[in-house]
Amino acid sequence: MEIERVLLTQEQLQTRIAELGAALSADYADKTPVFIGVLKGAVHFFTDLTLQFPHPCQYDFIGASSYGDGTQSSGQVKLTKDVMTDLQGRHVIIVEDILDTGLTLRFVTDWLRSKGPASLKLCVLLDKPERRKAKLSADYIGFTIPNEFVVGYGLDYQELYRNLPYVGVLKP
Ligand code: IMP
């Protein structure tokens, strides 16, 4: 395995996700929000986070990709799957694995905002603020991490490592 070290253990992830779930539960108790997961990296975060939300809510998914096969963003964002839910007047929470340059989420938030939601917030598991190119910040953040390429818990390198139960730093 090409993992240099574990950055966030399974236990650290679950503890923090429970806190995020509690914050969302307080803010959206009576709003029936639509959680929108960004495929594919957010899958594990999405399922663990929504299980911590005990109020009525709906799920949807959007597909976007900006990375080629490497560890650097291509800068080009492509929509690979649109949402199915009518978002007009709805309270939307975008759930994403990582906010890096911000180019992907800039594209996704602009796209979803054009569908007329009543509100739109961003919840990310990881934030790498050092690499930001787009003017964008998240409303709910799991962990702020240094500028290192990480894999696991949904995050991939060339489509591998998504199934690691922890977040680790890949060997250079
Ligand atoms: P951004 O557009 O640069 O903010 O990148 C967002 C997307 O790039 C995320 O959804 C990830 O799929 C991918 N990404 C960014 N940083 C990493 C990383 O450290 N490991 C794995 N994927 C990453």
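So here's what we get for this one:
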item	result
Set 64, 42: member being in contact (Cβ under 8 Å) with a residue 40 or more places away in the chain and under 26 Å from residue 172 (Cβ atoms)	42
The stretch 140-169 - residue that is in a loop (DSSP other than H, G, I, E, B) and within 9 Å of the ligand (Cβ to nearest atom) and, of those, surrounded by the most Cβ atoms within 10 Å (Cβ to Cβ)	154
Only one of 42, 22, 64, 29 that is under 25 Å from residue 129 (Cβ atoms), of a type in the set (A, V, I, L, M, F, W, C) and away from the ligand (no atom under 16 Å from the Cβ)	22
Verdict on residue 137 being within 13 Å of the ligand (Cβ to nearest atom), open to solvent by 10 Å² or more (accessible area, probe 1.4 Å) and among the small types (Gly, Ala, Ser)	yes
Selection within the stretch 118-131 - open to solvent by 60 Å² or more (accessible area, probe 1.4 Å) and more than 22 Å from residue 172 (Cβ to Cβ)	118, 121
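The values are calculated or read from the model by the stated rules, or taken from the named source; none is laboratory data. The structure displayed is predicted, hence computed values, not measured ones. When we count neighbours, we look across all protein chains shown, and the Cβ atoms used for this are built from the backbone with ideal geometry, even at glycine. Ligands, DNA and RNA are excluded from the accessible area calculation, which covers all protein heavy atoms including side chains. Shrake-Rupley method; radii C 1.70, N 1.55, O 1.52, S 1.80 Å.
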